[in-house]
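Here's the structure we're looking at; comments come further down.
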Amino acid sequence: MMFLRTELFRLLADRLDEDDIHYGMGCESLENVGDQVRLTFTNGHRFDFDLAVGADGVSSTTRAFVNPGLVPHDTGLVASRGVVKFDSPLLQSDRCQIFASRHSRVVTYPLNKATSLRYWFAAYQHRDQPLLDRQGLLELFAPLPQDLLRMIGQTPEQDILTHKLKALTGEGQWFRGRVVLLGDSIHAMLPTLGYGLTLGLENGFMLAQALVGHCDADLTAALQRYEIRAARRSREMLQVMNDFTRLYYFEPEGEVSPARLAPIVQRFQQLAQSTVF
């Protein structure tokens, strides 16, 4: 399923009342106070909650409170992303396509068939060198089909988002008192197969199950049940993604073959088919 991130945000926002969404309130600090958690925000406001769920990404403030020893590591890769209106017979309107070059690749998929709106993602080893601008990307991917280069070239420079890719292992504790983590805040993975969002949704479903099925006044047992179940599955999926990443980006030229890919793909399919939904 392929969609704009802004559309996902809109769907989520539609489920909430207007007063439930607050802007300009980054989480500055957290403190467990009895059977509640106290959050202090960047605008100076302070509130107490029954439970705080940290879904604040790889640079999570919540993780610094729950699991300060777990820090993002540099994967050795950098990614550039863009969205552009572009049409080509090479690029199909109903699927994701991957074009591989030496230790790098371009992934693209349609967002809106009617308007030819398309997303693209280009990843490569950064080798501790300056990150590539649009022209640098065109030179790096020069061996790939010309339509891909035109797609990147037609994306305005200011609309291309480029940054080094960080990741997390998911090791250690996932909750502390009345604060719990999910998604990229605890197990950020590379977008090798685009499963990071799905895994975050799975985490949310597992957490909801643990809370709804809990009978004790103390939430500890429910959060422990969530942690055990979610952490095990997340680490298994992370290992599959790491194996894909190593094969695609870091092993010698020519190592990517059906024989090498098959067992990794099989493990991924087994995990995907055993989803918690």
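The values are calculated or read from the model by the stated rules, or taken from the named source; none is laboratory data. Keep in mind it's a predicted model, so treat the numbers as computed, not measured. Glycine gets a Cβ as well: all are built from the backbone with ideal geometry, and neighbour counts include every protein chain shown. Quick note on the areas: whole protein, heavy atoms, side chains included, nothing else; ligands and nucleic acids left out. Shrake-Rupley method; radii C 1.70, N 1.55, O 1.52, S 1.80 Å.
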**Report entry** For the chain, the fraction of alpha-carbon pairs in successive 10 Å shells from zero, as %
**Finding:** 6, 24, 32, 24, 12, 3, 0
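Could you rank 139, 31, 227, 18 by how accessible they are, 1.4 Å probe, largest area first? Could you put the intermediate results ahead of the total?
Values: 139 120, 31 95, 227 40, 18 165 Å².
The ordering from most to least exposed comes out as 18, 139, 31, 227.
In the calculated pair distance distribution of the stretch 236-277, what percentage of Cα-Cα distances lie above 17 Å? Numbers along the way, then the final one.
On the way: 277 of 861 pairs.
Within the stretch 236-277, distances greater than 17 Å cover 32 percent of Cα pairs.
Of the accessible area of the stretch 217-261, with the probe set at 1.4 angstrom, what percent is carbon plus sulfur? Can you show the working numbers first?
Working: 1260 of 2360 Å².
C and S fraction of accessible area: 54 percent.
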Report task. Over 23 Å, how big is the tail of the calculated P(r) for the stretch 136-233, in percent of all Cα pairs? Result -> 47
Query raised in the report: Going by accessible area, probe 1.4 Å, with all protein chains left in place, what is the ranking of 2, 237, largest first?
Result: 2, 237
Requested in this report: Please list 152, 228, 98, 21 in order of solvent-accessible area, largest first, computed with a 1.4 Å probe with all protein chains present.
Outcome: 228, 98, 21, 152
Query raised in the report: Pick from 260, 235, 15: which is most flexible by mean-square fluctuation in a GNM of the chain where alpha carbon atoms under 10 Å apart are linked?
Result: 15
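Out of all Cα-Cα pairs in the stretch 56-128, roughly what percent, to the nearest whole number, are more than 16 Å apart?
On the way: 1638 of 2628 pairs.
The calculated P(r) of the stretch 56-128 puts 62 percent of pairs beyond 16 Å.
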Query - For the chain, built as a Gaussian network whose Cα springs stay under 10 Å, the top-fluctuating residue of 48, 14, 74 - result: 14
**Report entry** Options 272, 175, 244, ranked by Cα towards positive dipole end of the chain, top entry (Cβ charges)
**Finding:** 244
Requested in this report: Using the heavy atoms of the protein chains and a 1.4 angstrom probe, tell me the accessible area per residue for the chain in square angstrom.
Outcome: 55
Report task. Just the number, please: carbon plus sulfur as a percent of the accessible area of the stretch 8-127, 1.4 Å probe, no ligands or DNA/RNA counted. Result -> 51
Report summary line: Once normalised by the length of the chain, the mean sequence separation of its alpha carbon contacts under 8 Å that are 6 or more apart gives a contact order in percent of 19
